[in-house]
Amino acid sequence: MLRRAAVVAVPAGGRARWLLYEGVAGSNSVAMCYSQRWWSPLSCRAASGVAGTAEGLAMRARTLLLQAIGSSEAWQCSGRAGLAVDDLQEELAALHKQVVGLGSEALGNQLNLADLSVLCRMLTAAGFLPDRRLFVAGATQLRKHLSSGSCTGATFDAGAGLALAACEAGEEQSLGSELVGELCAAGAARTHGENALGGAGAAALALAAAAAGRADGPLLEALLIRCSLREIDLCPAMLGDLRLAALLAGPAATEQLDIRALSFLRTLCLDARLDDPRLALLPAEAGAFDEALTPFEAEVSESLGQCEIPHARAALASGLFLPLSAVQAGGASVLGGAAARGQLAIFAEDAAARAVYINDQSKRSAFQRWKYRAVAAAGWRVFPVEDGRWRALAGREERSGHLKELLLAGPLEPTI
């Protein structure tokens with residue numbers, strides 16, 4: 001089994017991270033480096049004995065995720081925007097292919113809880129839908145630890161990361177919710193003690209609980225206080241996940257917070273940029289609205305113009321990116337009916353917009369559904385446009401007609 005011993009070097013201003021691992025072939029030590037485009041063991045022995053193994057995949061997943069988050073240790077939440085950059089897509093696709101090649105049963109048998117959790121977390125943060133058997137294997141190990149009654153903070157952190165990954169895989173009402181409940185019952189949400197969650201673990205559990213509809217006032221308060229106490233563990237993207245957790249939990253939970261939790265939320269989280277993978281696709285220069293849209297979004301924008309619906313490109317609502325929106329009430333009044341009331345947010349759903357899973361593009365991603373819940377809570381009316389249906393339409397007239405039908409039918413009602 002491999003274990004990370006130390007961070008050897010992080011080049012100033014660079015993206016590469018050097019990690020030292022021990023435990024390969026007895027006392028032999030191996031240094032490994034990951035950059036944007038390559039992963040290279042600095043030992044031929046490691047190349048043949050580690051790179052293609054379950055442990056090698058877990059190390060690689062951890063390094064990718066830490067790089068995306070901008071952290072040296074904490075991987076339990078965020079990382080979506082960092083993993084969405086173009087330069088990483090080939091590397092991520094190769095890793096996912098290797099995961100599929102090794103198989104969920106082998107990975108579940110060979111990896112420990114922390115490695116299974118980080119592998120699942122990296123895949124879901126990158127927009128993949130992992131085999132459910134990976135989550136079941138991780139949950140089985142976690143439940144053994146919880147039943148022992150002697151969980152460490154590291155165990156709780158790994159469990160929180162696994163719970164969030166399960167929710168990101170669309171298991172909010174099943175395995176993800178179960179893990180949240182079991183972790184809380186085992187005392188993971190305590191605010192103090194040497195076996196309490198780290199800051200990143202607390203943030204992950206907060207978002208998982210909110211996504212699953214289990215973040216009531218007392219639970220959210222305890223996790224925010226824990227984050228406040230371990231603020232040093234948190235990076236900006238994790239603060240964005242806490243902001244999203246508060247949005248999903250809603251006023252019913254946030255209005256119950258005591259002054260400590262509320263102060264932390266207001267001071268550090270409510271203005272934090274959300275860890276939205278769609279934001280990673282924006283152009284470097286502000287005002288380049290045409291470049292801000294994916295090809296599918298540009299097609300929908302053109303059809304909205306043909307429907308005589310004035311709309312904006314590249315707007316933000318509650319920190320979430322709205323590619324196409326009618327900001328003024330009645331912006332679609334030309335159609336009448338439900339579409340004429342309120343602010344409209346139109347989402348063209350495809351893999352390029354990070355709205356569906358990369359390896360199963362027939363399924364809307366869980367994070368996209370969370371965005372819809374947050375946008376709707378902010379007073380917007382959400383209208384998704386599905387790529388599969390759109391591609392079946394022939395010509396501008398059919399596409400314009402399809403948009404009119406969608407708008408007249410009324411907005412999506414986001415649910416947990």
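The values are calculated or read from the model by the stated rules, or taken from the named source; none is laboratory data. Only a predicted model underlies this, so the values are computations on that prediction, with no experimental measurement involved. Positions of Cβ are backbone-derived with ideal geometry, glycine not excepted, and every protein chain shown enters the neighbour counts. Side chains are part of the model used for accessible areas, which takes the heavy atoms of the whole protein and leaves out ligands, DNA and RNA. Shrake-Rupley method; radii C 1.70, N 1.55, O 1.52, S 1.80 Å.
If the chain between T267 and R143 were fully stretched, how many nm would it gain, using 0.36 nm times the residue separation less the Cα-Cα distance?
Full-extension gain reported as 41.1 nm.
Give, in nm to one decimal, the length gained when the segment between R396 and Q361 is fully stretched (0.36 nm per residue of separation minus the Cα-Cα distance).
Separation in residues times 0.36 nm, less the Cα-Cα distance, equals 10.2 nm.
Quick check: the distance between the Cα centres of region 338-416 and region 122-160, to the nearest angstrom?
That distance is 32 Å.
Could you provide, to the nearest whole Å², the per residue accessible area of region 344-416 with probe 1.4 Å?
In whole numbers, region 344-416 has 45 Å² accessible per residue.
Per q in 0.10, 0.16, 0.20, 0.23 Å⁻¹, report the Debye log10 I(q)/I(0) for region 68-156, using one uniform scatterer on each alpha carbon and no solvent.
For region 68-156 at q = 0.10, 0.16, 0.20, 0.23 Å⁻¹, log10 I(q)/I(0) is -0.28, -0.69, -1.00, -1.20.
Need one value: the accessible area of V85 in square angstrom, 1.4 angstrom probe, rounded to the nearest 10.
The value for V85 is about 40 Å².
First measure r as the distance between the Cβ atoms of L412 and S150, then evaluate 1/(1 + (r/R0)^6) with R0 = 45 Å and state the FRET efficiency to the nearest 0.05.
Efficiency, from the Cβ-Cβ distance: 0.50.
Given a Förster distance of 35 angstrom, what is the FRET efficiency for R132 paired with A252, based on the Cβ-Cβ distance and rounded to 0.05?
E(calc), rounded to 0.05, equals 0.70.
Among residues other than V180 whose Cβ falls under 11 Å from its Cβ, what is the net charge (Lys/Arg +1, Asp/Glu -1)?
Counting the neighbours of V180, the net charge comes to -3.
Would you mind getting me the FRET efficiency between Q306 and R389? Use the beta-carbon distance for r and R0 = 22 Å, nearest 0.05.
The value I calculate is 0.80.
At 1.4 Å probe size, with no ligands or nucleic acids counted, give the accessible surface of R341 in Å², nearest ten.
Approximately 140 Å² of R341 is accessible to the 1.4 Å probe.
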